């Protein structure tokens, strides 16, 4: 996932591997760091147990596949509700029902375990199945044959809620970065939260400053890629952002899209949809008036709105 590095790494900072990316935690009170890390680890552990596609014992993996209603935990209900709201807000560009299409594309296990594989047939989505997902309180009905994938919003939700729970538990200002998803809570440092936004090492870096409670997300077409068939460059390169209308990886018009917003879920919803929309993302983001940074395939950079550069 995109590299989002706190500047500088100091005594109030911890980081560890998580979900084939890096979790980073910064507390304004270094003494709060041990408790803060336990809080983040607890939130992310619960999210993984609820909705990981790659754990056969996760709650989402054990849902009935025949369209039968199932009672789910409050956490999974909240994660599904968040994902469906993102789908509605983006007219399905952020689609939580692409689990089968992602598996068909070769993304059928944790990204760290992916390698070059046999040629897969991409699974087209004939109609938006997310419109037929029903959530009534804690009773979830998923259409027969549909597999949920909440990755686009669940990681951002985990960042938001980790930061909020750390601030409540410790009274410290906190920044939580889960790969390309950043959330903050509590009081910010005097100079704000200093963050470096960058995708791959060869990509242009963007130092930004976030205020208290600010959030930032970056979506990428170049970070999670693999060869679909042939191996060693003989196949076709696939990535994890699919066009819900075709089931195919979207054209890599943008290497990355970053958006600053009030919550990480909001920011991630917009960045994912912008990657899916390609050039059509520009008038859409301008109309929304959100601060955004888009890096094109040739490394050309466009910034929109009040992008929070340092």
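The values are calculated or read from the model by the stated rules, or taken from the named source; none is laboratory data. What you see is a predicted model; the values in this text were computed from it and never measured. All Cβ positions, even for glycine, are placed from backbone atoms using ideal geometry, and neighbour counts span all protein chains on display.
So the values come out like this:
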item: Hey, residue 83 surrounded by 15 or more Cβ atoms within 10 Å (Cβ to Cβ) and farther than 20 Å from residue 159 by Cβ or not; result: no
item: Residue within region 46-69 that is surrounded by fewer than 21 Cβ atoms within 10 Å (Cβ to Cβ) and under 19 Å from residue 167 (Cβ atoms) present; result: yes
item: Residue within region 199-218 that is at pLDDT below 90, under 15 Å from the mean Cα position of the chain (by Cα) and within 29 Å of residue 146 (Cβ to Cβ) present; result: no
item: Pair list, Cβ under 8 Å, 6 or more apart: region 269-297 residue on the phi > 0 side of the Ramachandran plot and touching a residue at least 24 places away in the same chain (Cβ under 8 Å), other residue in a strand (DSSP E or B) and buried (at least 23 other Cβ atoms within 10 Å of the Cβ); result: 278/254
item: One residue from 95, 91, 138, 110 being over 30 Å from residue 284 (Cα atoms) and either touching a helix residue (DSSP H, G or I) at 6+ places or on another chain (Cβ under 7 Å) or at pLDDT 50 or above (or both); result: 138
item: Inter-residue pairs, beta-carbon under 9 Å, first touching a residue at least 40 places away in the same chain (Cβ under 8 Å) and in region 60-77, second outside any loop (DSSP other than H, G, I, E, B) and loosely packed, with under 12 Cβ neighbours inside 10 Å, 6+ apart; result: 69/136
item: Strands (runs of 3 or more DSSP E) contained entirely in region 247-307, each with at least 3 residues that are buried (at least 20 other Cβ atoms within 10 Å of the Cβ) and touching a helix residue (DSSP H, G or I) at 6+ places or on another chain (Cβ under 6 Å); result: 254-261
item: Qualifying residues in region 14-33 (those that are over 25 Å from residue 192 (Cβ atoms) and surrounded by fewer than 18 Cβ atoms within 10 Å (Cβ to Cβ)) - the one farthest from the chain's Cα centre (by Cα); result: 17
item: The one condition in (1) part of a loop (DSSP other than H, G, I, E, B); (2) modelled with pLDDT of 95 or more that residue 157 fails to fulfil; result: (1)
